[in-house]
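The values are calculated or read from the model by the stated rules, or taken from the named source; none is laboratory data. What you see is a predicted model; the values in this text were computed from it and never measured. All Cβ positions, glycine included, derive from the backbone under ideal geometry; neighbour counts span all protein chains shown.
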Amino acid sequence: MTVISASTLTIKPDRYEDFVTLNKKTEAIMEKCGAKNVRLMAALVAGEASGSAVFTYEADDFGASGAVLDKFLADPEGLALLTGSTGETSPTASFQASQWIEIPI
């Protein structure tokens, strides 16, 4: 069963280019850690979701998902990205992470 990790992120005003650059680095690290189908998607809406994006990746199952996270947290660059992801100098104002399970239909 495919597990999809989705992090909803809020981009600080006037920091879009920095945000994309930061997520290119994140993509490279996540792929190195075994993440599949890494994507960054922007919301094209008005209102509360303005300035939002979703960073997703997939793993084959919960074991593989846990292995990706373990490798990411053991990687000095990955840990630095996570711990500095919403600091004063970060282009990200906030984030919320969740995991989703594919339901075969």
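Inspect all residues belonging to segment 30-39 and state whether any of them is among the hydrophobic types (A, V, I, L, M, F, W, C), in contact with a Cys (Cβ under 9 Å, 6 or more places away or on another chain) and modelled with pLDDT of 95 or more. Show your work before the answer.
Just the residues of segment 30-39 that are among the hydrophobic types (A, V, I, L, M, F, W, C), to begin with: 30, 33, 35, 38.
Next, only the ones that are in contact with a Cys (Cβ under 9 Å, 6 or more places away or on another chain) stay: none.
No, segment 30-39 contains no residue that is among the hydrophobic types (A, V, I, L, M, F, W, C), in contact with a Cys (Cβ under 9 Å, 6 or more places away or on another chain) and modelled with pLDDT of 95 or more.
Any idea which of THR26, THR21 is surrounded by fewer than 16 Cβ atoms within 10 Å (Cβ to Cβ), of a type in the set (Ser, Thr, Tyr) and not in a strand (DSSP E or B)? Outline the logic, then answer.
Values: THR26 fails: surrounded by fewer than 16 Cβ atoms within 10 Å (Cβ to Cβ).
None of the others qualify; the one that does is THR21.
Is there any pair with a first residue in segment 51-80 that is surrounded by fewer than 17 Cβ atoms within 10 Å (Cβ to Cβ) and a second that is small (Gly, Ala, Ser) and in a helix (DSSP H, G or I) whose Cβ atoms are under 8 Å apart and which are 6 or more apart or on different chains, and what are they?
Sorted first by the residue in segment 51-80, then by its partner, the pairs are LYS71/GLY78.
Tell me the strands (runs of 3 or more DSSP E) entirely within segment 31-105 that contain at least 2 residues that are among the small types (Gly, Ala, Ser) and out of contact with any Pro (no Cβ under 8 Å at 6 or more places or on another chain). Don't jump to the end; show me each part of the working.
On the way: elements: 36-42, 52-59, 92-101.
Per the criteria, 52-59, 92-101.
Within segment 79-105, can you find the residues that are closer than 19 Å to ALA35 by Cα and at pLDDT 90 or above?
The answer is GLN96, ALA97, SER98, GLN99, TRP100, ILE101.
Among the residues of segment 44-62, what is the count of those that are modelled with pLDDT of 95 or more and small (Gly, Ala, Ser)?
Residues flagged as modelled with pLDDT of 95 or more and small (Gly, Ala, Ser) within segment 44-62 amount to 1.
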